[in-house]
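Below is one structure, written out as structure tokens; comments come after it.
The values are calculated or read from the model by the stated rules, or taken from the named source; none is laboratory data. Being a predicted model, the structure only gives us computed values, none of them experimental. Using ideal geometry, Cβ is built from the backbone for each residue, glycine included, and neighbour counts are taken over all protein chains shown. Ligands, DNA and RNA are stripped out before the accessible areas are found, and what is left, the full protein with its side chains, is counted by its heavy atoms. Shrake-Rupley method; radii C 1.70, N 1.55, O 1.52, S 1.80 Å.
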Amino acid sequence: MDRSYASRRQLLFQAAIMAGAALSPAAWTSAVAQTRLPDYPFKAGVASGEPLPDGVVLWTRLVADPQAMDAGLSPAPVRVGWEIAEDEGLKKVVRRGQVLAVAEAGHSVHVEVAGLKPDRAYWYRFTAAGHASPVGRTRTAPEPGAAVERLRIAYGSCQKWESGYYAAHAHLVKDDPDLIVFLGDYIYEKAATDEGVRKHPGVIAQDLASYRQRYAWYKADPNLQAAHAVAPWAVMWDDHEVSNDYGGDQDRSNPPPALFLKRRAAAYQAYYENMPLRRSTKPVGPNMQLYRTLDWGRLARLTLIDDRQYRARRSCDAQSKEKLIPAACAERTDPKRSMLGEQQESWLQAQFAATPARWNFLGQQTLVNEVITPDQRVSNDGWDGYAQTRRRILEGWRDHKVSNPVVLGGDVHCFFAGDLSLEPGGKPIASEFVGGSITSLGRSREVVGGMMIVNPQIKFGDGQTRGYGRVDLSKTACEVTFRGLENALLPDSPVRDLAKFVVEDGEAGLKRA
Ligand code: FE
Ligand code: CA
């Protein structure tokens, strides 16, 4: 082959991969022969995310066989077309283009659309080799400073495949949210077992191919696909996207850190490939900056923080496989230990100092509130293992007079609502709402009941019901509804309002509604 042709071809490939940009038809023809695909390639559905006033990220990943380690695709690049329109029938297309889906990125596609109008719905779809994807709906955020009247957020976490069906996703679609926030444990990494109501193929996810396969399988679920297709998502991970209870460069099984970081790099790469994230989030080796903010006019700011990647080693008996440590252990209150890392903490404090929003949501993985067991122990996997980071956040809200801080969380497989204050029984600074789990199994009535007696700042707890949370926001109030499934073991379980709370503008502390 002519060398200049080869290098030109190489350049075009790189340009397309790096920019995800539209190339001229001639360039495309010389760069890639149109690939024939073995089967319908949109079996992972479509998604959108990271809404800005003028744009969103459109996502898909080509998957022809969700069970296969290679997703049923050859390593050849595939030309993917995309279009976004002002109407559901895709008649008024406002932007369109083509990108390359390459094997190095798991045949995923992240299109950053710009030039859209603020605060309105759009519809989009992808095409490849004569196939068309389902049509997804998304929306842009309102303009900065816009006096927005309302916002509806649905949020969830912890969707272990084998533990139940995704009826929660079907119901949150019917709630017609403006934004969906997912707070971690999107996949679980363990090998398939015969326990549970359904089984995914495959071994433990621990390298790039096996993580990719796990996402492909989870994403084949029609209810999860419907939830991605109804509104833009904003995502944060927790531990199971990598490994149970991991933090920094170690997990519960204490592998050599260098080995663990290799695994983390594969997991982060697969996470990026499978989420509607901006290219600026793309991981570099074992590092991926996922903490960020998302604004909804002047009404709300969502700050998503990463409490896994940068956290200090587990406090008090770091080698133990057991989470619970004595509450009296001094190391857990050492101010030098951070759950977020120094850089993220100072970034967060800067956000507090500058936020223009009336409602300030902190989206994070787990339960922030202090929980001491009846026998005076705490978990070293959560905020209680890093008590001074929590204190600095509460002080930051207080000192910067942050307007209406509200915490959303997941991880603990329970619904919890409570108030956060600096001292036991003190004045509430913020309220917290942990939105249950989509499927993952929780804790017994006895355990949750015991927790609530010892920790009266937690006003509501339910570890037996699966489901999701819904936030209805106006200028005057933040209403949070815990949506509980009757039975997550049933594909079409009904849902009900398990509990309702309200936080009023300018008045810290939740009330039952
Ligand atoms: Fe979980
Ligand atoms: Ca978790």
> Is it true that Glu189 is within 25 Å of Leu62 (Cβ to Cβ), within 16 Å of ligand 1 (Cβ to nearest atom) and modelled with pLDDT of 95 or more?
Replying inline: yes
> Arg61 is checked against (1) surrounded by fewer than 20 Cβ atoms within 10 Å (Cβ to Cβ); (2) in contact with a helix residue (DSSP H, G or I) (Cβ under 9 Å, 6 or more places away or on another chain) and fails just one. What number does that condition carry?
Replying inline: (1)
>> Anything in region 378-392 that is over 18 Å from Leu348 (Cα atoms) and in contact with a helix residue (DSSP H, G or I) (Cβ under 9 Å, 6 or more places away or on another chain)? List them, or say none.
In response: Val378, Ser379, Asn380, Asp384, Gly385
> Do we have Asp381 as at pLDDT below 95, under 26 Å from Lys459 (Cα atoms) and of a type in the set (Asp, Glu) here?
Replying inline: yes
> Residue check: is Asp399 under 20 Å from Thr481 (Cα atoms), open to solvent by 10 Å² or more (accessible area, probe 1.4 Å), modelled with pLDDT of 95 or more and acidic (Asp, Glu)?
Replying inline: no
> Hey, Ser437 hits all of (1) away from ligand 2 (no atom under 16 Å from the Cβ); (2) open to solvent by less than 10 Å² (accessible area, probe 1.4 Å) but one; which does it fall short on?
Replying inline: (1)
> Any idea which of Val407, Val402 is within 24 Å of Ala154 (Cα to Cα), without any contact (Cβ under 8 Å) to a residue 60 or more places away in the chain and in a strand (DSSP E or B)?
Replying inline: Val407
